[in-house]
Amino acid sequence: MSWWQRLWHRQQMEDQLEKELGFHIEKHSAELMRRGIEPEEARRLARLELGGPEQVKEHCRDVRGTRWVEDLLQDARYALRMLRKNPGFTTVALLTLALGTGATTVMFAVVDGVLLKPLPFPEASRLVGVNSRSNEWNTKAFGKENVAYPDLLDCERDSRSLDLAGALFNGGTMSEPGEPEYVDLREISADLFTVLGVKLAHGREFLPKEDRPGAGPVMILGYSFWERHFGGRDVIGTSVVLDEKRYTVVGIAPPKFELYGQEADVYTPLGQNTAAFLLGRSAHPVHVLGRLRAGATLAQAQGEIGLIGKHLAEQFADTNGHRDLEVEPLRPDVGEVRSTLWLLLGAVSLVLLIACVNVASLLLARAVSRERELAMRAALGASRYRLVRQCLTESAVLGIAGGAIGVSLALVGIEPFVKLWPGSLPRADEIHLDWRVLGFALGVSLLSGFFFGLAPALRAPFRELERVLRAGTRTLAGSSRRLHSGFVSSEIALAVVLLVSAGMLGRTLVRLSSLDPGLNVHNILVARMALSPAVLADSGRIAAAWEAVLDRARHVPGVQSIAAVDTVPMREGNNQLGYWTTPDLPEKSKQPLALATSVTPDYFKVMDIPLREGRFFTDEDQLNTQRVIVVDDFLAQQAFGHKNAIGERLWIPDMPCVQSKLGPNGTTVSALIDCTEPYLIVGVAGHVRHWGLASDDQADVRAQFYYPFAQVPAPFYLRRWSELMSIVVRTNVAPLSLLGPLRHELRGASNDQVLYEVHTMDELASESIALQRFLLVLFGIFAGVALLLSCIGIYGVLAYLTGQRVPEIGVRIALGASPASVMRQVFVQSLAMILTGVGCGLTGAVMAARVLGHTVNGMGPIEPLPVMLVIALLIGAALLASFVPARRASRIDPMTALRAE
Amino acid sequence: MTEKSDLPQGTLDLLILKIVALGPVHGYAIAQRLQQVSRDVVQVPQGSLYPALHRLENRGLLTADWKDSETGREAKFYRLTRKGRAQLQTEAASWERLAEAIGLILRISEGGAE
C-alpha cells in the first residue's frame, strides 16, 4: 500500500491491526491453556508477552509514516469543535480576518496584474526596450528618450544579438469607408509582430519590401477598431482612406493586442513615412523594442548597442554627440500608478495587521482561560512541541477559514475597485483572481494564523505545571495583562497611522478643491479638432480653414465664445521651451523652461483668464507684424522680479521659426520669421494650473507664455500645429449638449473634419484631483475599519480583564469603593493603553505622512488640526468601547463575586 | 537456564524474511518459529515483531492476505515479494560474510600472531 492509501484507508488499517493482534493473543493463550494454565491467567500472560496491545499498536502506527497527518487532522477537528463551541468569538474573529485578508487579496490581485505579471507576449523575459539618453530636457524630465529613426535602422543593421522593431505614435482621419473618424495610428516596422512573437488574427504582416519609401500603402487594422468600425467583416484586400491616402488592408491584429499599454486603431509601415523629422537624427520619436536572439544575453545586447551608439556619436557629432543608446528589459509601462498601488497595498497590510492583532488578543484571552486544560495535557504526557503545534493548528484553521471568506469578499470586491480607479487603470485586463492570487491569499491566511497564534502558543505551560494546576484561572490573569495592553496599544497605533493619513488626504482634498485653477472651469467644452486632410495637405488653405471653423462655431446657438489652442490646461500634453532675457543665450541645459501655448485671440475670453497688465492678442497680431507674447505672472516674476514685464523681450530659440538662411525656396515667410529675433511681451496674465489642481505646485516647469496661432509660420509648422489644435468653447448651456450641433456644423465641405477627445473643463479639473479623491475614499474606508477593529479589540480586552478581576473588584466594593471610582479605574486602565498607542502611532504617522508626501501630488505637510481631530475621534470611540466593561465592573455585586471564588 | 542474548541490531528483519520465505505464514506462527529456530537462545521481544512486519510490508518486501487459519479464524498471512526475496539474498550473504570474518578473528590463537 502506498503512503496515500495508508492514509486514506486509516480505519481499515486500524481494524486489521486490531484483528491481527487479537488473533495472536488468542492463539497464544490457547497454547498456554493447553499447557494447563487457567484461561484468565493465560490471557494475561499472552498480553504481557506481547508487550501490551496498545503500545504495540502505537508502534505499528508509527511505522505507517502517516502519523503527523493524523495528528494534524485530529488537531484540526478539535479546533473546529472549539470554534463551534464559541460562536461569538468565532464570528468576530472570522469577520475580522475576512475583512483583512479580503482587502489585502484585492490589492494584491491588482498589484500582481498591473505591476508584477510579465507582458502578455511569449518569452516576455527576452524582450528589451532600446532608449536613448542625452543632456537635453527630455531626458531630464522622463529619464530617457525614444530613438531617431536612422539610429534604429543602423542598430537593426549592425546588431548581432537583437531583432529590433520600431513604432511611431501617430493619428489621422479615416474618411472611407463609413463615417469619418479620427483614428489612433501606429507606424511600425514590418517585423514588429514577429519580434513580439504574436500572430495576426487574420491576414498577414507587412513585408520587408513594404517597409520602404514609395512602396504600396498597406494597413493592418486593430482588432477592436475592426469590430467597431467594420463590424468584424472580412475586409482583407479592401481599401480604406486615411488622411487622403488610399491603403489596402492586409491584416487584422490579434484581439487585445496592446503596445505600450494601448490598443491602436490602425497600423501602417513606418518605412513609408518620409517626413523630414523622421528621416533626420535630431528628433527622437520612435519607440524601439527588440527580442534577444537565441543564445544572446542581455549584457551582450547592452554592450553591443552601447557601442553602436558610441560609433554614431563619433560619426554624427552634431546630432548624436551627447547621446547614448541603451538596452533594458521591456517592462509594462504603468506610469505613476506604481507608487499609488504600493501605497495602497501598504495601507491594506496595516488593516490586516490590526485584524491579526485583534484576533491574537482574543485568542490570548482564551488561552489564559484554557491554561489549566493545557497544563493537564502536559501533565498527561503531551510534549511542549505537541501543545504548541495544537495551538498553531487551531489558529491556522481560524486563519484559513477567515481567508476563505476573505477571498469570496475579494471576488465580489475586485471589479468595483478596478472600475472606481480614477482614469483607467493600466493593464486592468490582467487583473484576475488566479492561482497566484489564491496562493497569496492562502499564504497570508496561514502567515496571519501563525502570527496571531504564536503568542497563545508560546504561553502553553510546560514548567510549574503543578502550580498552574493548583491555582485557579483567575489568579493567573495578571501575567497576561501586559501582553493584552500591548496588543491594544499596537492596534491603536496602527489605527492612528491610517486615521492620520486619511485626515491628511481629506485636508489635502479640501485645500486642492478650493484652489483657484486660474481660469473659470464651468461651461467650457474642449475637443481636439482634425481639419480636413485635403486642407492640411495644402498649407496655403490652413489659416483660412481655422478661421472658417471658428466662425461657423460662433454661430451655433449656445456658443458664447470659441478659440483654438494647442495645449489645454489639465489635459495631457505640453510644450516646454527654454527662454532668456538677453540675446546671449547660455547653453540649452542652463535656460529656464516655460510652457508655450499657441492660441487664437479669444482664448483668454473663453477661459476667463485674468489680465494683470497690458493687453491680450488681437486680430492685428499677424505673421507680418511684431512677434508678441503674453506671459503669466509666474514667468514675469521669475524673469523680471518686481520690474514691469510689459515691453520687455524674451529670446526663445526653439519657437516655430524659419531661419532666413535656411529658407528652402526663398519665400517671404522665411524672411519674416527670424529665429534670432526676440519676442515682445505685451501682456501679463494670471497663472493657470496647467498640471492640474494637485500637481501644479510641484511641477518642474510652471512658467507660461502664450503666442498667437496666427504667428505660427507656414508651411511645415502650420501643418504640424494644426494637427495638434483643439477648440475650446464657452457655452451658455450645458457644454456637452453642444457637441452634436458643433460636430454637424464643423464637418467641412468634404465632410471629413472631426472632433475627438471631448471633455468639459469641469471634468478635467475634477480629474486632476481624482487620484487624491480616490485615495481619500480608500484610506477613509481603511481608517474606518481600523477604528472599528480597534474598538472591538479594546472592548474585548477590557471585558476580559475586568471579568478576570471580578473577585478583586468585589472585595474593593465590599470595602467601600464607590461604583464611580471602580468605573474610573477601568477608564484609567483603558486610557493608559490608548495613550501609549496614540504616542507610538504618531511616530508612525509622521513616517506615513512622508511616504504620502512623496507619492501623492499636492500633499501638504502634516498639520496639527486634522491630526488632533482624528485622534480625538479615536480616543472618544475607544473610551466608548470601554464604557460597557467599566459599567459592568461598577455594578458587580460583592456578595456574588466573593461567593463565586 | 542459559542467559538469552539480545538480537543484534537489524537482524530481526533478516530472520523474519527468512521465515516468511519458507511459505505464507501469520504473525503468531512467525513468533513461534523464531523462538523454535533460535532454540531459546536469542530473545525476540514479541512486541517488536508486529511493527517490524508492518515496516517490511510498507517497504514492499512483504505482502499479506487475509486467509482462514488452521483453526478456521481469519488471519493475516505474510508472503515474500520479489523485492523481498532479493533483499533476503543480499542480506543473508552479507551476514554470512560478516559472521565468517568475525569467526576468523576469534579463531586467531593468542600470541600466535607473528
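What follows draws every value from the coordinates through simple rules; no lab data is involved. A quick note: this is a predicted structure, and the numbers were derived from the prediction, not measured. Heads up, the Cβs are rebuilt from the backbone with ideal geometry, glycines too, and the neighbour counts pull from every protein chain shown.
Figures for the structure shown
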quantity: Separation of alpha-carbon centers, region A:1-53 and region A:538-564, rounded to whole Å; calculated: 105
quantity: Residue mean of other protein chain beta carbons inside 10 Å, B:55-68; calculated: 2
quantity: At least 15 Å along the helix axis (C-alpha) and Kyte average at least 1.0, DSSP helices within chain A; calculated: A:87-111, A:337-369, A:435-458, A:770-804, A:819-855, A:864-890
quantity: Region A:362-385 versus region A:586-651: alpha-carbon centroid distance in Å; calculated: 80
quantity: Distance in nm between pseudo-label sites at residue A:511 and residue A:233 (7 Å out along the Cβ direction from Cα); calculated: 5.9
quantity: Chain A: relative contact order in percent, alpha carbon pairs under 8 Å with at least 6 residues between; calculated: 15
quantity: Label-to-label distance, nm, for residues given as residue A:883 and residue A:820 (7 Å Cα→Cβ offset); calculated: 1.8
quantity: 20 Å Cα-Cα reach of residue B:67 towards aspartates and glutamates, excluding residues that sit fewer than 8 places from it in its own chain; calculated: A:14, A:15, A:18, A:20, A:26, B:57
quantity: Computed label-point distance, nm, for sites residue A:385 and residue A:12 using a 7 Å Cα→Cβ extension; calculated: 3.2
quantity: Cα-centre dipole for region A:124-329 with unit charges at Cβ (Lys and Arg positive, Asp and Glu negative), debye to 20; calculated: 460
quantity: Chain A, helix-only ellipticity at 222 nm - DSSP H runs n ≥ 4, -39,500 (n - 2.57), divided by all residues, nearest 500; calculated: -17500 deg cm²/dmol
quantity: Residue exposure sequence - B:102, A:236 - by fewest surrounding Cβ within 10 Å; calculated: B:102, A:236
quantity: Shielding of A:53-65 by partner chains, average beta-carbon count, 10 Å; calculated: 4
quantity: Cβ charges +1 (Lys, Arg) and -1 (Asp, Glu), total dipole of the protein assembly as shown, debye; calculated: 4640
quantity: Kirkwood Rh in Å, taken over region B:5-107 so that all alpha-carbon pairs contribute; calculated: 14.5
quantity: Full-stretch length increase - residue A:522, residue A:751 - with 0.36 nm per residue and alpha-carbon distance subtracted; calculated: 79.4 nm
quantity: Long-range tail of P(r) for region A:806-901 (Cα pairs > 17 Å, %); calculated: 62
quantity: Relative contact order for region A:124-329, counting Cα pairs under 8 Å that sit 6 or more residues apart, in percent; calculated: 33
quantity: Relative intensity, log₁₀ I(q)/I(0), of the protein assembly as shown from a Debye sum that treats every alpha carbon as a point, q = 0.04, 0.06, 0.07, 0.10 Å⁻¹; calculated: -0.38, -0.72, -0.86, -1.23
quantity: Sequence ranges A:212-221, A:249-258, ranked by mean other-Cβ count within 10 angstrom, highest first; calculated: A:249-258, A:212-221
quantity: Which listed pairs, of A:419/A:588; A:85/A:419; A:256/A:588; A:117/A:144; A:209/A:310; A:19/B:83, have C-alpha distances above 32 Å, in listed order; calculated: A:419/A:588; A:85/A:419; A:256/A:588
quantity: Efficiency of FRET from Cβ geometry, residue B:109 and residue A:74, R₀ 51 Å, rounded to 0.05; calculated: 0.25
quantity: For region B:59-114 versus region A:785-858, the gap between their alpha-carbon centres in whole angstrom; calculated: 72
quantity: Cut-off 13 Å, label 7 Å out along Cα→Cβ of residue B:73, residues of region A:13-28 by amide N; calculated: A:18-28
quantity: Among A:676, A:640, A:623 - extreme Cα towards positive end, dipole of region A:575-725, charges at beta-carbon; calculated: A:676
quantity: Mean Cα-pair separation over length for region A:305-409, i.e. relative contact order, pairs under 8 Å, 6 or more apart, %; calculated: 13
quantity: Within 10 Å of each Cβ in A:23-30, the average number of Cβ atoms from other chains; calculated: 5
quantity: Estimated FRET transfer efficiency (residue A:67, residue A:450; beta-carbon r; R0 22 Å; 0.05); calculated: 0.50
quantity: Peptide ranges A:800-813, A:347-360, A:781-794, A:853-866 listed from the most packed, as the mean C-beta count within 10 angstrom indicates; calculated: A:347-360, A:781-794, A:800-813, A:853-866
